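Below you'll find the structure, written out as structure tokens, and then a few comments.
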Amino acid sequence: MMNASPTGGTSAVPDPDTALVWFRRDLRADDHAALYHALKRHRRVYCAFVLDTDILEALPRADRRVAFILDALRVLDADLARLSDGAGLLVRHGQALQEIPALVAALGAGALYFNHDDEPQALERDAAVGDALLARGVAVQSFKDHVIFERSEILTGSQQPYGVFTPYKNNWLKTVNAFYLSAYPVHRYAGHLATDAARIPVQIPDQTPPRMSANAATQGRAHRIPTLADIGFEPVKVNPMLMDGSDGAQRLFKEFLTRIDRYDETRDFPAVKGPSYLSVHLRFGTLSIRQLAREAHARAMQGNAGAQTWLSELVWRDFYHQVMHHHPHVVTSAYRPEYDRIQWASGPDADEMFQAWCEGRTGYPIVDAAMTQLNETGYMHNRLRMVTASFLIKDLGIDWRRGERYFAQQLLDYDLAANNGGWQWAASSGCDAQPYFRIFNPVSQSEKFDADGKFIKRYLPALEKLPPKLIHAPWTARPVELQACGVTLGENYPAPIIRHEVARMATLDRYSVVKDRKLPAGAAQA
Ligand SMILES: Cc1cc2nc3c(=O)[nH]c(=O)nc-3n(C[C@H](O)[C@H](O)[C@H](O)COP(=O)(O)OP(=O)(O)OC[C@H]3O[C@@H](n4cnc5c(N)ncnc54)[C@H](O)[C@@H]3O)c2cc1C
């Protein structure tokens, strides 16, 4: 029926027995919805990933996420080979819009399978790829995989999307059952993986001949995955604890399960190993959300408070995904339109303040330590994401979208739905956000959540000798006290760029356009 030429060349007639699975934010070989369904329905299944130049070209040349992805692809390729001898991942570097239809044609695949990616640009891309293939008689199948409940699966009694988290969560918990949490047993049909995949060269433009030889076994499978240099990127440091694709993810999760019981007590303290650090694995699908939710749900049902709180965080993740699905305007605008009336600070002074925030030079140690953590590691603790976001918006008066963009560039776990949800929560413009008159005090947040200043000292060595009573607001110390600790404000640590009390009043004023009513009595400080 066909004469597939997967190395390029002529197209083959679509063969209903052959399918291609397109991996994107689901970089694992087990419990994978699209892979499972493809293997169950077709006798010869290929797996592919496209290093999409439409995405990569916009990135800085040193980007931790690209390093993470290549590492995860290496593990995925090896895992596919473990599932079936000769199987492997086909990697292409180019525009997904071109590469996927070309690969489908070259393989003679009669069907394309992939998991949903509900970000607006991804939906557009997938629709374009789908249209191109359907026109050629190729079937296109897509599946939920990234969340437990997607799109309109959890609605109010009147079939409306939820705008408040707690009732959403209650309905989520009421609806979830073993069916939604079960793993897809990929291994059951692993014999349907195409066994000539490992012989197909990795295709990187500008490299002739292709890097991969006909015999993957003798060359070592790592050769199948391009290096950062191959695709024009520079080496970059990523915390090794977060690397090693789905293997690393499983190790990290196993370790987290030994401390999940205490999550509710420890999660807010950045100096403590409280959270799971699994966000990057959820972002790129190196772990299955079903596995995580299943383990947490089982413990939560037994009354484990840590697991209950952690499960709630996974529900927040689903919540923000459904917000983006039902209200795609949030990507560029406030969820509550009246918040787009706010006049944000702009001009050279605001730009200088923004730069100081990005670089951790605000003079507020907890903010600066958090921004340094972000810049140096690509991760920031959740409590500090709230504190730094609030500081940018409600102390510096800067548009939340600028902060959102900066986080998007820096975060290893950057996820459009969660990041946008977090920023709009801090700006009070979002779905179930904190009220606009609730303004985090960066000093009291610091005293409460990093009382000894341990986290601050980890990232700001200049403040190492400051005692707990001075470290949260060094400008309140007498010069002689600072001198004794080797700190000179304006020299080895900045003086504060703004006074919180003044900024707070300016913010309440700025936000007054949102409501025509007066401030609620006792406008709270957090
Ligand atoms: C301003 C701001 C920006 C944020 N940007 C992102 C982002 O780009 N990507 C991202 O994954 N999370 C984001 N979050 C949510 C949260 O801070 C991170 O998910 C969390 O810090 C990741 O660390 P962890 O895996 O150790 O989390 P854990 O505390 O172990 O939580 C487990 C998982 O639950 C999910 N989760 C936890 N909190 C939230 C939340 N508030 N909203 C949605 N999902 C959540 C994450 O997938 C996380 O990995 C943001 C929060 C704020 C306030």
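So the values come out like this:
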quantity	calculated
Tilt relative to the chain, helix 400-410 - C-alpha long axis, 0 to 90 degrees, to 10	50
Using θ = phi - 60° and Karplus 6.51 cos²θ - 1.76 cosθ + 1.60, couplings along segment 287-298 (whole Hz; Gly, Pro as x)	10, 8, 4, 5, 4, 5, 5, 4, 5, 5, 4, 4
Gained length - Ala127 relative to Ser158, 0.36 nm times residue gap less alpha-carbon distance	8.2 nm
Neighbour net charge for Leu252 - beta-carbon separation under 12 angstrom, K R +1, D E -1	+1
Residue order, fewest to most surrounding Cβ atoms within 10 angstrom, among Arg504, Arg262	Arg262, Arg504
Vicinal HN-Hα couplings computed from phi for segment 237-242 (Karplus, 6.51 cos²θ - 1.76 cosθ + 1.60; Hz; Gly/Pro x)	8, 10, 3, x, 4, 9
Sparsely packed GluC sites (Glu not before Pro) within segment 49-141, loop by DSSP, other Cβ within 10 Å at most 15	Glu57
Assigned charges on the beta-carbon of Lys, Arg, Asp, Glu; segment 74-182 dipole about Cα centre (debye)	220
Global form of segment 370-422, assessed from the alpha-carbon gyration tensor, a/c cut-off 1.5	oblate
Kirkwood Rh (inverse of mean 1/r, distinct Cα pairs), the chain, angstrom	25.0
Dipole of the chain, positive direction: furthest Cα of Gln141, Leu73, Gly422, with charges on the beta-carbon	Gly422
Other-chain or far-sequence residues with amide H under 5 Å of Asn441's (modelled H)	Ala526
The chain: angle of helix 120-134 to the longest principal axis, Cα-based, in degrees nearest 10	10
Per-pair calculated FRET efficiency, R0 = 30 Å: Ala183 and Asp85 via Cβ, rounded to 0.05	0.80
Förster radius 35 Å - calculated FRET efficiency between Val13 and Arg151 (Cβ-Cβ, nearest 0.05)	0.50
Karplus-derived 3J(HN,Hα), 6.51/-1.76/1.60, for each residue of segment 23-36, Hz, glycine and proline x	7, 9, 10, 8, 8, 8, 9, 10, 6, 10, 4, 5, 5, 4
Shape category assigned to segment 8-68 from the gyration tensor of Cα positions, a/c cut at 1.5	oblate
Amide H contacts under 5 Å for Gln434, placed H, 5+ residues apart	Ser428
Principal-axis tilt of helix 305-326 within the chain, Cα atoms, nearest 10 degrees	70
Inter-site label distance for Glu265 and Glu376 at 7 Å from Cα along Cβ, in nm	2.9
Qualifying trypsin sites (Lys or Arg not before Pro) for segment 25-78 [loop in DSSP, other Cβ within 10 Å: at most 11]	Arg61
Helix-only [θ]222 nm of the chain, DSSP H runs n ≥ 4, -39500 (n - 2.57) each, per residue, nearest 500	-12500 deg cm²/dmol
Cα gyration tensor category, rounded, prolate or oblate, for segment 13-146 with a/c compared to 1.5	oblate
Other-chain or far-sequence residues with amide H under 5 Å of Thr488's (modelled H)	Tyr493
Three principal axis lengths of segment 337-513 [C-alpha, angstrom, descending]	51, 34, 31
Separation of the Lys454 and Gln355 label points, Cα + 7 Å toward Cβ, nm	3.6
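Bear in mind these aren't lab numbers, they're just calculated from the coordinates by the rules spelled out. If you're wondering where the values come from, they're calculated on a predicted model, not measured in any experiment. As a convention, Cβ positions derive from the backbone with ideal geometry for all residues, glycine included, and neighbour counts pool all protein chains shown.
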